[in-house]
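A.B. asks: Could you have a look at this structure, given as structure tokens, before my questions?
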Amino acid sequence: MKSSPYSNLKIFGHLEEVHKVKRGERIAPVYVRIKPTNRCNQNCYYCHYRNPYLELDQYKPTDEISREKMLEIIRDFKDIGVKAVTFSGGGEPLLYPYIEETMEAVLNAGIDLSIITNGSLLTGKKAELLSMAKWVRISMESGCPETYSKIRGVREDAFKELCENIKNFAKKKNVDCELGVNFVIGPDNYREVYQAGRQMQELGCNHIKYTALMSNDAEKMHAPFKQEVIRQIHKLMEENTGNFKVVNLYESDFDSSAVFGRNYEHCAIKDYVTVIAANSRIYYCHDKAYLSAGEIGDISRKSFKDVWFSEETTKKFRMFNPQEVCKHHCVYDDRNELLNLFYGLDEQHINFI
């Protein structure tokens, strides 16, 4: 049985690193998300960076990583053994003026490449480079031009253009490049869940992932339409044929992973995954980007390698308590649960499996 590309068990594909961390060693992050620019060509009304439920005290919409710093970062990644990079927002990563040169550098360094994009600029050389990526995910929470225009603040014909970009990219990408669509479900688009799934399959996508629009009172917001959403997702899954995958995270978004608080004192994932934002600062994770409480260090005048392995960062990692500073939704909560269980295994009885 093949697992979802979003499986929380992938961390255990890096057991050598897991055991090093368990012994107290510092390692290079396995995976880094880079937000190269905060500029965007769309204006989604629910965007975390435009209308945040957290006060992002370090966010500026004009911030952008310089070309020289970006290429230095990629050289550091190659030197210390980072395995994968995702470009995301912030803003729209394909708006970054040096994105083609940057993606070429990632590929030439032998690092796995991926991107989260609105897809509006997925054409030309950008599309050619991303055809060699491990995965490309389009943020597209609509099934028709009217809803797309309303949610994203763009003209209605932008929906047709995006569908054309997706169809063309699906034809040219490498067979092992996973093309997915992220559909965030809320009050304005819940009627289009099934419709969008069908459309994306017809356009040549490999999967569609359904998640819930989150807020401090998500249960109340979703209550009027939650069962209708589940019905549509299940219908799509039951009728689904071929290799197209329907990733249903919507239902699990309302279980323990959606709790705005942690039941462990150790954030284990921070050793393996980190974020570099458009202001040239490193953060513990995507959820804490642009928050002072989430900053690991400033690399505007120092290299990533120097900051990551510094005594100051090691001390910050040791002192970091998610119960005190992570009172919000955590995308890595399930992975932290698993790693904490693994770190706490009774090794005296480890062989009695």
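A.B. asks: As an exercise, use a Förster radius of 30 Å and the Cβ-Cβ distance of Asn240 and Phe12 to find the FRET efficiency, rounded to the nearest 0.05.
C.D. replies: Values: r = 28 Å, r/R0 = 0.93.
The value I calculate is 0.60.
A.B. asks: For region 222-236, just list the computed ³J(HN,Hα) in residue order, Karplus coefficients 6.51, -1.76 and 1.60, θ = phi - 60°, integers in Hz, with x standing in for Gly and Pro.
C.D. replies: 8, 3, x, 10, 4, 5, 5, 4, 4, 4, 5, 4, 5, 4, 5
A.B. asks: Name the residues whose placed amide hydrogens come within less than 5 Å of the amide hydrogen of Asn182, ignoring near sequence neighbours (fewer than 5 apart) on the same chain.
C.D. replies: Amide H neighbours of Asn182: Ile138, Ser139, Met140, Lys209.
A.B. asks: For the chain, give the percent of accessible area contributed by carbon and sulfur heavy atoms, probe 1.4 Å, rounded to a whole number. Walk me through the numbers before you get to the answer.
C.D. replies: Numbers: 8290 of 16730 Å².
Whole-percent figure for carbon plus sulfur exposure: 50.
A.B. asks: Where only protein heavy atoms count, and the probe is 1.4 Å, what is the accessible area per residue for region 106-156 in Å²? Can you show the working numbers first?
C.D. replies: Numbers: 1860 Å² over 51 residues.
Value returned for region 106-156: 36 Å² of accessible area per residue.
A.B. asks: So, one more: Give the longest segment of the chain that steers clear of GluC sites (Glu not before Pro) in DSSP loops with at most 11 neighbouring Cβ atoms within 10 Å, not counting the sites themselves.
C.D. replies: On the way: sites that count: Glu25, Glu55, Glu265.
That gives 56-264 as the longest site-free run.
A.B. asks: What residues qualify as long-range amide H neighbours of Leu249, i.e. H under 5 Å apart, gap of 5 or more or another chain, H built at 1.01 Å from N?
C.D. replies: Result for Leu249 returns Tyr210.
A.B. asks: What spacing in nm lies between the two simple spin-label points modelled at Glu101 and Leu249, each 7 Å away from Cα in the Cβ direction?
C.D. replies: For Glu101 paired with Leu249, the spin-label model returns 3.3 nm.
A.B. asks: Could you calculate the FRET efficiency of Phe352 with Asp176 from 1/(1 + (r/R0)^6), where r is the beta carbon distance between them and R0 is 30 Å, rounded to 0.05?
C.D. replies: On the way: r = 39 Å, r/R0 = 1.30.
Step by step, r from the Cβ atoms, then E = 0.15.
A.B. asks: How big is the dipole moment of region 185-296 about its Cα centre under a simple scheme where the beta carbon of each Lys and Arg is +1, that of each Asp and Glu is -1, and everything else is neutral? Debye, nearest 20, please.
C.D. replies: Details: 12 positive and 15 negative charges, 31 e Å.
In total the dipole reaches around 140 debye.
A.B. asks: Here's a follow-up. Please give me, ordered by residue number, the trypsin sites (Lys or Arg not before Pro) of region 263-294 that lie in loop per DSSP and have at most 14 other Cβ atoms within 10 Å.
C.D. replies: Details: sites: Lys270, Arg281, Lys288; in loops: none.
Passing both the DSSP loop test and the Cβ count: no residue.
A.B. asks: If you place +1 on the Cβ of every Lys and Arg and -1 on the Cβ of every Asp and Glu, how big does the dipole about the Cα centre of region 246-309 come out, in debye to the nearest 20? Write out the running numbers ahead of the final one.
C.D. replies: On the way: 7 positive and 9 negative charges, 88 e Å.
Computed charge dipole of region 246-309: roughly 420 debye.
A.B. asks: From the phi of every residue in region 108-124, what ³J(HN,Hα) in whole Hz does the Karplus formula 6.51 cos²θ - 1.76 cosθ + 1.60 yield, where θ is phi - 60° and glycine or proline is x?
C.D. replies: Each residue's phi maps through the Karplus curve to give 5, 7, x, 9, 5, 10, 8, 8, 10, 9, 7, x, 5, 10, 7, 9, x Hz.
A.B. asks: At 0.36 nm per residue, minus the direct Cα-Cα distance, what do Lys150 and Thr313 gain on full extension? Give it in nm, one decimal, please.
C.D. replies: On the way: separation 163, 0.36 × 163 = 58.68 nm, distance 4.29 nm.
The Lys150-Thr313 span can extend by a further 54.4 nm.
A.B. asks: With the cut-off at 31 Å, tell me which of the pairs Lys171/Lys288; Lys60/Lys305; Lys20/Lys302; Lys134/Lys235 have Cα atoms farther apart than that.
C.D. replies: Values: Lys171/Lys288 36 Å; Lys60/Lys305 25 Å; Lys20/Lys302 26 Å; Lys134/Lys235 29 Å.
Among Lys171/Lys288; Lys60/Lys305; Lys20/Lys302; Lys134/Lys235, the Cα-Cα distance tops 31 Å for Lys171/Lys288.
A.B. asks: Further question on the same structure: Identify unpaired cysteines across the chain, taking unpaired to mean no other cysteine Cβ lies under 4.7 Å from the residue's Cβ.
C.D. replies: Cys40, Cys144, Cys163, Cys177, Cys205, Cys267, Cys285, Cys326, Cys330
A.B. asks: To continue, here is another question. Please list Leu162, Leu9, Leu341, Leu249 from largest to smallest accessible area, probe radius 1.4 Å, with all protein chains kept in place.
C.D. replies: On the way: Leu162 5, Leu9 100, Leu341 120, Leu249 55 Å².
Descending accessible area places them as Leu341, Leu9, Leu249, Leu162.
A.B. asks: Counting heavy atoms of the protein chains only and a 1.4 Å probe, report the per residue accessible area for region 287-353 as a whole number of Å². Intermediate values should be presented prior to the final figure.
C.D. replies: Details: 4060 Å² over 67 residues.
In whole numbers, region 287-353 has 61 Å² accessible per residue.
A.B. asks: Rounded to the nearest 5, what is the percent of antiparallel bridges among the DSSP beta bridges in the chain?
C.D. replies: Working: 6 of 37 bridges.
Percent antiparallel among DSSP bridges in the chain is about 15.
A.B. asks: Moving on to the next point. Based on alpha-carbon centroids, what's the gap between region 152-174 and region 263-339 in Å, whole number please?
C.D. replies: With region 152-174 and region 263-339 each reduced to a Cα centre, they are spaced 34 Å.
A.B. asks: Turning to a different aspect of this structure: Once both labels are modelled 7 Å past Cα along the beta-carbon direction, what's the Phe260-Asp188 spacing in nm?
C.D. replies: Those two pseudo-labels are separated by 2.2 nm.
A.B. asks: Just going by the charge dipole of region 28-96, with Lys and Arg at +1 and Asp and Glu at -1 on Cβ, which of Leu56, Gly90, Val32 is farthest out on the positive end?
C.D. replies: Farthest towards the positive end: Val32.
The values are calculated or read from the model by the stated rules, or taken from the named source; none is laboratory data. Remember, predicted model here, so these are calculated numbers, not experimental data. Cβ: placed from backbone, ideal geometry, glycine included. Neighbour counts: every protein chain shown. The area values use the complete protein model at the heavy-atom level, side chains included, leaving out ligands, DNA and RNA. Shrake-Rupley method; radii C 1.70, N 1.55, O 1.52, S 1.80 Å.
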